[in-house]
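The values are calculated or read from the model by the stated rules, or taken from the named source; none is laboratory data. For clarity, every value in this text was computed on a predicted model and none was experimentally measured. Cβ coordinates were reconstructed from backbone atoms using ideal geometry, including for glycine residues, and neighbour counts include every protein chain displayed.
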Amino acid sequence: MLFTLLRSGNFISVIMYILSVLLTIFLVLPLHECAHGLVAYKLGDDTAKRQHRLTLNPLEHIDYLGACLMLIIGFGWAKPVPINPRRFENPKAGMALTALAGPVSNLLAAIAAGLIQNGLMFMIIKDVIPYNDFVYYVLIFFEFLITVNIGLAVFNFIPIPPLDGSKILMAFLSDDAIIWIEQRMHIISAVLFVIVIMGGLDGILGRANNLFYGWISWLTWLPFSFFAG
């Protein structure tokens, strides 16, 4: 991704891409990982708290290889929050809820960003604030927050290890099936990585992203639509 942009010679696009990746690494991924740890803590597992992962401080969550790959190829990861399912009263349900917390936190963040963005648009329509270059870039900033949070949520809903969706799925599988998956976790994860790099999921993810984007756009404009006419 980065090399393609560099070859294009459009250095404004390169700068915007780098800024967007840095924003993801330092803001979006920490929110996702912190949500996992917080729900686990509420369900009885204090492992993340003891390892100082119940924080939005990005330095506690950065995986440097994942961050470098995100910058270079547009796909990466943060350090997984440590979870001990034996500390949950119901390990399967606890793991599912903990896993669900990550993508849900991103969808909530996308909704919050959408409300702010649409609030600004409403004030522009009503001539409360002028539309200028500064406002334009603020709107672009919130647009990026919406799309990247939706993208991260949708991707993590895929029920393939090591993504959050697989842990949600395991709540409904037998112990034997879970053991079979866990024994082949590295192979499955490597296959997933190759598929993502090759763009094998682009079509499915694109449609899902557009679907969630449409829902969130409608939902976040709804409070303002009654007064925009």
Report summary line: Residues of the stretch 192-209 being surrounded by 12 or more Cβ atoms within 10 Å (Cβ to Cβ) and at pLDDT 90 or above, in sequence order, are 205, 206, 208, 209
Query raised in the report: If you go through the stretch 85-103 one residue at a time, do you hit one that is crowded, with 21+ Cβ neighbours inside 10 Å and in contact with a strand residue (DSSP E or B) (Cβ under 9 Å, 6 or more places away or on another chain)?
Result: no
Query raised in the report: For the stretch 55-67, does any single residue satisfy the condition of being crowded, with 19+ Cβ neighbours inside 10 Å, assigned to a helix (DSSP H, G or I) and within 13 Å of the chain's Cα centre (by Cα)?
Result: no
**Report entry** Residue within the stretch 97-119 that is part of a loop (DSSP other than H, G, I, E, B) and of a type in the set (Val, Ile, Thr) present
**Finding:** no
**Report entry** Selection count where residues are in contact (Cβ under 8 Å) with a residue 40 or more places away in the chain and part of a loop (DSSP other than H, G, I, E, B), scope the stretch 127-157
**Finding:** 1
**Report entry** Check on residue 72, out of contact with any Lys or Arg (no Cβ under 8 Å at 6 or more places or on another chain), surrounded by 17 or more Cβ atoms within 10 Å (Cβ to Cβ), of a type outside the set (Gly, Ala, Ser) and in contact (Cβ under 8 Å) with a residue 40 or more places away in the chain
**Finding:** no
Requested in this report: Count, please, the residues in the stretch 200-220 that happen to be under 18 Å from the mean Cα position of the chain (by Cα), outside any helix (DSSP H, G or I) and of a type in the set (Gly, Ala, Ser).
Outcome: 0
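So that you can scan it fast, the table gives a plain yes or no per residue for (1) farther than 16 Å from residue 95 by Cβ; (2) of a type outside the set (Phe, Trp, Tyr); (3) at pLDDT below 90; (4) in a helix (DSSP H, G or I):
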residue	(1), (2), (3), (4)
3	yes, no, yes, yes
14	yes, yes, yes, yes
23	yes, yes, yes, yes
28	yes, yes, no, yes
36	no, yes, no, yes
39	no, yes, no, yes
45	no, yes, no, no
49	yes, yes, no, yes
Requested in this report: Examine the stretch 178-190 for a residue that is surrounded by 13 or more Cβ atoms within 10 Å (Cβ to Cβ), within 22 Å of the chain's Cα centre (by Cα), in a loop (DSSP other than H, G, I, E, B) and of a type in the set (Gly, Ala, Ser), and state whether such a residue exists.
Outcome: no
Query raised in the report: Among the candidates 66, 76, which residue alone is closer than 30 Å to residue 178 by Cα, in contact with a helix residue (DSSP H, G or I) (Cβ under 8 Å, 6 or more places away or on another chain) and modelled with pLDDT under 95?
Result: 76
Query - Verdict on residue 142 being more than 30 Å from residue 82 (Cβ to Cβ), buried (at least 16 other Cβ atoms within 10 Å of the Cβ) and over 24 Å from the mean Cα position of the chain (by Cα) - result: no
